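As structure tokens, the structure follows; a few thoughts come after it.
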Amino acid sequence: LMSNNIKKLETQYNKYIYPKPCENIEEEYIKDNRYQECDPNYHWHKLWPEKKYERKKLNILVAGCGSDQAAILAKCNPIHNFTGIDISTSSLEHQKKLIKKHKIKNLTLICDDFRNVKLSEKFNYIISTGVIHHLDDPGSALNFFEKNLTDDGVLYLMVYGDQQTEGIKGLKNIFKKLEFEQNSSSIRSIKLLTEKLKKDHPAIIFSKYFKDINEDTGIVDTFLHPKEKFYSIKELIFSLGKNNLIIKNFVNGRVAALSKYFIDNEDIEKKIRNFTIEEQLEISQILNWNDRKIDIICTKKKNIKYSKVYTQLELDSLYICRFQSVDYLINSQNIKVVDNKNESFFEFNFLNTKINWNEILLGKKNLKQLTSNFSATEKKNLYKRISFMIENYVLDFSFHEIENYKRYYAK
């Protein structure tokens, strides 16, 4: 039987498709090499840093696939098999239009609550973004994911955090008291009210980061959603743990980048490193205040040795590569790292003229090979900075040579 909450969700997403769907995958994605952060081709090294990149067929589930996510991924990754499940018939109708328009043959769509679907095969990769925090029991979804993952499979999960959303919590409570509903009258009232707010009101600051609340569907999803849960990192880790899952990696530095705040105070940095991982991440979530979306890559507990979060990386064996949305300005052996999305930059100057950042960032040799002619001091200084950049999500890594993923895009 369909729960009352699921019925409300189905009604909402049938009437207000969110987010605004893609109309042409070729034009909006492939032409400009634009890709989703959960794309298995572009981000293989994030999902499986322990595995050499392979061009073999994966079984991939998009749980709560919305109006376009599964179709975009399937079109851009034709070698894999995709299953997209969603409760909204309107959303799936749009996916069907994309399937027909782009002649997509590797995607199966199912209209249902994914937790009700009995699947014949397990999945190498499960993607669920912006879904489980709308359920009565998010843990039931995590249990479903764990049961339907292969032993070495990974889960890409996005949930809402509880820090940044504080900026709109007060307004949401007001709209609830005023008995606003998901209709044009309430949407108009919200637009009129928010236009009168001070420029430094927390909700206005929030809207600068999330432009979609300028549209009706975004207003409904942000202010009039019937069911939402906002996570602290500690709570999220606990929920994952109850379902035999752990965080393998964070997709970006919006929540987990921490040591950058203490780059000029080693005493405090040492003290923080003595805290538990959960405590460190809790501090990081509060300091970054950029957790509307917490994007994480998860795996089964038995794969903890492959987790960047819980396992100390052995730098000698790492292949280094560029992080998405980060610019690297190289001048001789010195480097300036500019993270545009997180409005931060780091500059590192070295006396060691043996450093070749262009070669390091190619990811064709591991750090042991690249530093074979370094003195112990030179190597220590470089590794200290590389470690800092990795843990602050401005450098990426793999335990294998980095592929030129662009050449496989949509092929």
Here, Arg322 and Lys336, labelled 7 Å along Cα→Cβ, have an inter-label distance in nm of 1.7
Phi angles of the stretch 224-230, converted by Karplus (6.51 cos²θ - 1.76 cosθ + 1.60, θ = phi - 60°) into ³J(HN,Hα) in whole Hz with x for Gly and Pro, give 10, 6, x, 8, 8, 10, 10
proj_area_mean for the stretch 94-248 (convex hull on C-alpha atoms), units nm², value 11.8
Hydrodynamic radius by Kirkwood for the chain, inverse mean 1/r across distinct Cα pairs, in Å, is 22.8
Checked against the positive end of the charge dipole of the chain (+1 on Cβ of Lys and Arg, -1 on Cβ of Asp and Glu, about the Cα centre), the farthest of Leu329, Thr299, Leu281 is Thr299
Simple spin-label estimate for Thr311/Lys8, 7 Å along Cα→Cβ, in nm, reads 4.2
Cα-based Rg/(2.2 N^0.38 Å) for the stretch 261-373, rounded to two decimals, is 1.25
Bridge orientation stat for the chain from DSSP, antiparallel percent rounded to 5, came to 55
In whole percent, the fraction of accessible protein surface over the stretch 1-48 that belongs to carbon or sulfur atoms, probe radius 1.4 Å, stands at 50
Cα-Cα pairs in the stretch 197-260 separated by more than 18 Å, as a whole percent of all pairs, come to 60
Projected onto the charge dipole of the chain (unit charges on the beta-carbon of Lys, Arg, Asp and Glu, signs +1, +1, -1, -1), the Cα from Ile25, Phe262, Asn214 with the largest positive-side position is that of Ile25
Of 347-359, 291-303, 101-113, ordering from highest average Cβ density within 10 Å down gives 291-303, 101-113, 347-359
Any residue on another chain or 5+ positions along whose placed amide H is under 5 Å from the amide H of Thr129 is listed here as Met158
Whole-Hz Karplus couplings 3J(HN,Hα) for the stretch 303-309, θ = phi - 60° and coefficients 6.51, -1.76, 1.60, Gly and Pro as x, run 9, 4, 5, 9, 8, 5, 6
Descending packing, highest mean Cβ count within 10 Å first, for 57-68, 264-275 is 57-68, 264-275
Computed on Cα atoms, Rg of the stretch 79-175 relative to 2.2 N^0.38 Å comes out at 1.29
Which of Lys15/Lys177; Lys308/Lys406; Lys52/Lys248 exceed 21 Å between C-alpha atoms? The answer is Lys15/Lys177; Lys308/Lys406
Cα-Cα longer than 20 Å, checked against Lys229/Lys293; Lys46/Lys364; Lys169/Lys199; Lys46/Lys293; Lys96/Lys293, kept in input order, equals Lys96/Lys293
Magnitude of the Cβ-charge dipole (Lys and Arg +1, Asp and Glu -1) of the chain about the Cα centre, nearest 20 debye, reported as 740
Interchain or sequence-distant (5+) residues whose placed amide H lies within less than 5 Å of the amide H of Lys293 are Gly161
Once phi for every residue in the stretch 106-114 is put through the Karplus expression 6.51 cos²θ - 1.76 cosθ + 1.60 (θ = phi - 60°), the whole-Hz ³J(HN,Hα) values, with Gly and Pro written as x, are 10, 9, 10, 10, 10, 9, 4, 6, 4
A 1.4 Å probe over the protein heavy atoms gives the stretch 100-190 a carbon and sulfur accessible-area percentage of 46
For the stretch 1-143, the convex hull over Cα atoms projects on average to an area in nm² of 9.0
Residues whose modelled amide H sits under 5 Å from the amide H of Lys248, counting only those 5 or more places away in sequence or on another chain, are Ile297, Cys298, Thr299
Note to self, the chain gives a 222 nm [θ] from helices alone (DSSP H runs n ≥ 4, -39500 (n - 2.57) apiece, / all residues, nearest 500) of -10500 deg cm²/dmol
For the stretch 293-388, the accessible surface attributable to carbon and sulfur atoms (probe 1.4 angstrom, ligands and nucleic acids excluded) amounts in percent to 47
Per residue, accessible area of the chain with a 1.4 Å probe, heavy atoms of protein chains only, in Å², comes to 48
Rounded to the nearest Å, the spacing of the alpha-carbon centers of the stretch 162-230 and the stretch 296-343 is 35
FRET efficiency (Arg115, Ala376; Cβ distance; R0 51 Å; to 0.05) is 0.40
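The values are calculated or read from the model by the stated rules, or taken from the named source; none is laboratory data. Computed from a predicted structure; not experimentally measured. A quick note on method: Cβ atoms are made from the backbone with ideal geometry, for glycine too, and the neighbour counts reach across all protein chains shown. Side chains are part of the model used for accessible areas, which takes the heavy atoms of the whole protein and leaves out ligands, DNA and RNA. Shrake-Rupley method; radii C 1.70, N 1.55, O 1.52, S 1.80 Å.
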